[in-house]
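The values are calculated or read from the model by the stated rules, or taken from the named source; none is laboratory data. Note that the structure is predicted; figures quoted are calculated from it, not measured. Glycine also receives a Cβ, built like all others from the backbone with ideal geometry; neighbour counts cover every protein chain displayed.
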Amino acid sequence: MSVREKKALMRAFSQRLGCLGLIAWLVLAPPAAALRIVTEDWPPLSGAHRGIPDGMVGAIVQEIQARLKDRTPVELVPWARGYQTALRLPDVMLFPTLHSPEREKHLTLIGPVASLDNVLFARRGSPLVIRSLEDAKRVKRIATQRDTSYLSTLRQLGFTNLDISSSPQTSARKLLAGRVELWSDSSLTVPHLLREIGHRPDEVERKLLVKRQDLYLAFSRGTPASTIQRWLGALRAMEQDGTLGRIRRQWAPQAIPSRKVGLVGLPPGSPMPD
């Protein structure tokens, strides 16, 4: 065998070893983590039954999953747990998530998918006169919930008279029992919450609009950029073909946002902090 033939044989052998090494790496490499989809029971916006999303935003998520051929079951958890999961773990999508500047620092948000009025409620017949935020700051206690945008918004506005609970049901009970003077929540969801705890929606009255806020689908750090872009692409396609508008009108026409679908917060694919 000539020197040239020996060199050619060695090159072929090296290339074959390289291919075998690549195949071994592909076989042994851990698979990409599946996206974990998490929501809370928050009618008429969200919920889940046997892993299938429910509510207005749930219907939007279900349509996106159908378009992406994604059969990931949806986990139903309390809001505070779901939010902390999205802050601490990669590959998590949490819905629906109210927008706030603080959340833009920690999550990648696509949407908006809906909008809500952040409202201060009092018991029906309350003598309180609340015409401004300053009036509201002078009451003794305002009920709100931990890890919510309602709480962060009130704090940003300078409120210190806050009574913080773990759930909106607890906040509602405090208001109806006279333990607080006002309750911060959404005019869309409050009727459902009151019925859930055995009360009528007309037992409370709206006192003041604090802020109108948009709702998004939130992706945690460490979620692949390609995953987020696929979800964003499907949501934009739904907006363009009219599906998104149809779902919104069917569930809650008063919750339709004015902004077009887009992306805010962290860039897609932002890594988990060290």
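Couple of notes before you dig in:
- Subset of the stretch 173-188 (residues that are surrounded by fewer than 21 Cβ atoms within 10 Å (Cβ to Cβ) and at pLDDT 95 or above): ARG173, LYS174, LEU176, ALA177, GLY178, ARG179
- When residues in the stretch 63-86 are screened for being surrounded by fewer than 16 Cβ atoms within 10 Å (Cβ to Cβ) and not basic (Lys, Arg), 7 of them pass.
- When ARG212 is tested against (1) in contact with a helix residue (DSSP H, G or I) (Cβ under 8 Å, 6 or more places away or on another chain); (2) assigned to a strand (DSSP E or B), only condition (1) is not met.
- Listed by first and then second residue, the pairs linking a residue in the stretch 123-135 that is within 20 Å of GLY158 (Cβ to Cβ) to a residue that is at pLDDT 95 or above and in a loop (DSSP other than H, G, I, E, B), with Cβ atoms under 9 Å apart and 6 or more places separating them unless they lie on different chains, are LEU128/VAL139; LEU128/GLU181; ILE130/VAL139; LEU133/LEU157; LEU133/GLY158; LEU133/PHE159; ASP135/LEU128; ASP135/VAL129.
- Top-ranked residue of the stretch 128-137 - restricted to ones that are closer than 10 Å to GLU181 by Cβ and either of a type outside the set (A, V, I, L, M, F, W, C) or part of a loop (DSSP other than H, G, I, E, B) (or both), ranked as nearest to the chain's Cα centre (by Cα): ILE130
- Only residues that are in a helix (DSSP H, G or I) and surrounded by 15 or more Cβ atoms within 10 Å (Cβ to Cβ) were counted in the stretch 87-103, giving 2.
- Restricting the stretch 104-132 to residues that are closer than 16 Å to PRO201 by Cα and not charged (D, E, K, R), the residue that is surrounded by the fewest Cβ atoms within 10 Å (Cβ to Cβ) is GLY125.
Residue-by-condition table, conditions (1) closer than 18 Å to LEU107 by Cα; (2) without any contact (Cβ under 8 Å) to a residue 40 or more places away in the chain; (3) in contact with a strand residue (DSSP E or B) (Cβ under 8 Å, 6 or more places away or on another chain); (4) assigned by TED's automatic domain parsing to the domain that holds PRO44:
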| site | (1), (2), (3), (4) |
| --- | --- |
| GLU205 | no, no, yes, no |
| LEU208 | no, no, yes, no |
| PHE219 | yes, no, yes, yes |
| PRO224 | yes, no, no, yes |
| ILE228 | yes, no, yes, yes |
| GLY242 | no, yes, no, yes |
| ALA252 | no, no, yes, yes |
| PRO273 | yes, no, no, no |
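- Some residue of the stretch 237-257 being of a type in the set (Val, Ile, Thr), assigned to a helix (DSSP H, G or I) and buried (at least 20 other Cβ atoms within 10 Å of the Cβ): yes
- Only one of THR170, THR227, THR160, THR148 that is at pLDDT 95 or above and either of a type in the set (Gly, Ala, Ser) or surrounded by 19 or more Cβ atoms within 10 Å (Cβ to Cβ) (or both): THR227
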